[in-house]
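First comes the structure, then the notes that go with it.
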There are 2 protein chains.
Amino acid sequence: MKKVTEDYKRRVKELYEKANIVLSDSELENIDFADFGLDNIEKEALNLVVYINNERYCAKEMVLLPNQTCPEHLHPDLENKEGKQETFRCRWGKVYLYVEGEELKPDEISVTLPQENNQYYTAGKEFVLLPGEQYTINPKTKHWFQAGPEGAVISEFSSPSYDEYDIFTNPNVKREVRDR
Amino acid sequence: MKKVTEDYKRRVKELYEKANIVLSDSELENIDFADFGLDNIEKEALNLVVYINNERYCAKEMVLLPNQTCPEHLHPDLENKEGKQETFRCRWGKVYLYVEGEELKPDEISVTLPQENNQYYTAGKEFVLLPGEQYTINPKTKHWFQAGPEGAVISEFSSPSYDEYDIFTNPNVKREVRDR
């Protein structure tokens, strides 16, 4: 992972503050600024705090900067474990969520794909989540999401996370996992 | 359950607002004002919104009015299911959480027990949670909790909820369950 700038970190923390999400000092120190090894952090990344990830459930608080995109991926079944199921709840801002099930037509969706890697986005069923709205993504289902023009703060409630096994559409993704 | 007054409902909703928790219209209409059949709602109750409760995980947003107490209970193992494990995260206000493991000495804890039913509180290990602080309660462990003088808003992340099987220390509790 390339060095994340202080300015970038500040902008992420500002969104947690705007959403009135209170984090402990230790959580603030340990925000995961995940750039997925793509060297495109302003456009493709995900910023997150893992509140709890045990053998039974997981909860995270995620931030996307304005128009920032979390790259397309799915959560596969693992040996003796069903793939991760997750509920996204928008807390602040706006999030555009795209789920497998309809062909992605870049000219017909509400957002602009990250230009550098647009060939690695395929899921086209669009859901728009405003604060207080949520959507549950089934295991083994490709999905990606992009914040609206002000950014987004999203709670994730889920079965346990094993992020190191996530399958990304973009073969160049390298996920450094810190939450387990 | 006795009829809940409009004033009571208003005070609960005000705390969600103070904590900047955005709820959908449907969630606001369906807040569970649980009085546990004790006819003591100002002192013993729990107010909650269930965001998601599926076969794999559960998430709720709970409100306690100032000094209101959720009565002592535990989550037992069920046929083929381990008892519920839950993480409480304080979002706003202050919550005093008492967990089995130390004898309850009413004169030595930080809060006053609900006088009408004080004999039904036994767990005495005290944890004080401020915003951004959290605690995970193991299955089959008696616990109860009381808000501080301004009330509390608490996120609960957990394994699936089967509230109808909760075991309360007070035999007079009747839990009308609406979340499954």
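The values are calculated or read from the model by the stated rules, or taken from the named source; none is laboratory data. As the structure is a prediction and not an experimental result, all values here were calculated from the model. So basically every Cβ, Gly included, is an ideal-geometry build from the backbone, and we count neighbours across all protein chains shown. In case anyone asks, the SASA skips ligands and DNA or RNA and just uses the protein heavy atoms, side chains included. Shrake-Rupley method; radii C 1.70, N 1.55, O 1.52, S 1.80 Å.
Quick notes
- Selection count where residues are open to solvent by 30 Å² or more (accessible area, probe 1.4 Å) and either among the charged types (D, E, K, R) or away from chain A (no Cβ under 14 Å) (or both), scope the range B:129-161: 5
- A search for C-beta distances below 7 Å between a residue of the range B:119-146 that is without any contact (Cβ under 8 Å) to a residue 40 or more places away in the chain and any residue that is of a type in the set (Lys, Arg) and in a loop (DSSP other than H, G, I, E, B), counting only pairs 6+ apart in sequence or on different chains, returns B:Gly124/B:Lys105.
- Hey, A:Lys84 buried (at least 18 other Cβ atoms within 10 Å of the Cβ), in contact with a strand residue (DSSP E or B) (Cβ under 6 Å, 6 or more places away or on another chain) and in a loop (DSSP other than H, G, I, E, B) or not: yes
- Test: residue in the range B:102-122 that is modelled with pLDDT of 95 or more, hydrophobic (A, V, I, L, M, F, W, C) and closer than 25 Å to A:Arg56 by Cα: no
- Single residue of the range A:51-69 satisfying the filter (at the interface with chain B (Cβ under 9 Å from one of its Cβ atoms) and closer than 19 Å to A:Asp32 by Cβ) that is surrounded by the fewest Cβ atoms within 10 Å (Cβ to Cβ): A:Asn54
- B:Glu72 vs. criteria open to solvent by 10 Å² or more (accessible area, probe 1.4 Å) and either more than 13 Å from chain A (Cβ to nearest Cβ) or outside any strand (DSSP E or B) (or both): no
- Of all residues assigned to the range B:31-50, none qualifies as being surrounded by fewer than 18 Cβ atoms within 10 Å (Cβ to Cβ), at pLDDT 95 or above and at the interface with chain A (Cβ under 10 Å from one of its Cβ atoms).
- A:Gly93, sole failed condition from (1) within 14 Å of another protein chain (Cβ to nearest Cβ); (2) farther than 22 Å from A:Val12 by Cα; (3) touching a residue at least 60 places away in the same chain (Cβ under 8 Å): (2)
- So B:Glu27, is it in contact with a strand residue (DSSP E or B) (Cβ under 9 Å, 6 or more places away or on another chain) and open to solvent by 20 Å² or more (accessible area, probe 1.4 Å): yes
- Inter-residue pairs, beta-carbon under 7 Å, first without any contact (Cβ under 8 Å) to a residue 24 or more places away in the chain and in the range A:1-29, second of a type in the set (Asp, Glu) and open to solvent by less than 100 Å² (accessible area, probe 1.4 Å), 6+ apart: A:Ser24/B:Glu133
- Failed item in (1) open to solvent by less than 40 Å² (accessible area, probe 1.4 Å); (2) assigned to a strand (DSSP E or B), with A:Lys94 passing the rest: (1)
- Top-ranked residue of the range A:1-32 - restricted to ones that are among the β-branched types (Val, Ile, Thr) and assigned to a loop (DSSP other than H, G, I, E, B), ranked as nearest to B:Cys90 (Cα to Cα): A:Val22
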